[in-house]
Amino acid sequence: MKRLINGIVLGAALLAAQAGFAAVPASDTPITGTEQQVRKELLMLPNYNVFDTFSFRVDGDTVTLTGKVTRPALKTNAENAVKRIEGVASVNNQIEVLPLSPNDDRLRLSLYRAIYGHGMLEHLAIRAVPPIHLIVENGHVTLEGAVPNGAARSVAELQANSVSGVFSVTNKLLVDSES
């Protein structure tokens, strides 16, 4: 029975990992058509998941991409997708590729189970775009994205801190009313 439950959780994690969240820079200026297109292209990347994060800035006809990804191909794919957008003349790709680490991979799955397996947060895992991104770098965890309320933000941080092998947790989660 335990194997079945673990298989279901892992399957759900892998399924949910097929979607992602691309941060849109918070500002008082309205979102332009180019910004909407960049966000759409980043969200549609097939290997983008809850273990990666993107953000971007549009400055005239130049797009600057930032974030952290688990696979080098995703960095390249993001740049290529944005280059194809009409009105984009150049892309400044500052996306960082996280180091390969079996320990970090183990932590990613454990963090996913701990956070999205919690009763208060499990409904977030079934969204088309899971809102909490788990960035793991050499045992240090950063939580990014948006959650519905402050309690969910606190629970996510507590759950991340409870995972064995995590050295530190930086909680950059925004509450939906703040994002």
About its Cα centre, region 22-97 carries a charge dipole, from +1 on Lys and Arg Cβ atoms and -1 on Asp and Glu Cβ atoms, whose size in debye to the nearest 20 is 260 debye
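How do 126, 85, 95, 115 rank when sorted from fewest to most other Cβ atoms within 10 Å of their own Cβ?
Listed from fewest to most nearby Cβ atoms, that is 126, 85, 95, 115.
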The equivalent-ellipsoid semi-axes of region 22-97, taken as the square roots of five times the Cα gyration tensor eigenvalues and listed largest first in whole Å, are 19, 13, 11
The exposure ranking of 91, 147, fewest beta-carbon neighbours within 10 Å first, is 91, 147
Restricted to region 22-97, the DSSP antiparallel beta bridge percent, nearest 5, is 45 percent
Exposure-ranked with fewest Cβ neighbours within 10 Å first, 56, 167 stand as 167, 56
Residues other than residue 165 with Cβ under 14 Å of its Cβ, Lys/Arg counted +1 and Asp/Glu -1, net out at 0
So for region 84-123, using the alpha carbon gyration tensor with a ≥ b ≥ c as root eigenvalues (a/c under 1.5 gives rounded; past that, a/b versus b/c decides prolate or oblate), I'd call it oblate
Checked against the positive end of the charge dipole of region 22-97 (+1 on Cβ of Lys and Arg, -1 on Cβ of Asp and Glu, about the Cα centre), the farthest of 66, 53, 85 is 53
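Rule-based calculations on the coordinates, nothing more; no lab input. Just so it is clear, the structure is predicted and the values come from calculations on it, not from any experiment. So basically every Cβ, Gly included, is an ideal-geometry build from the backbone, and we count neighbours across all protein chains shown.
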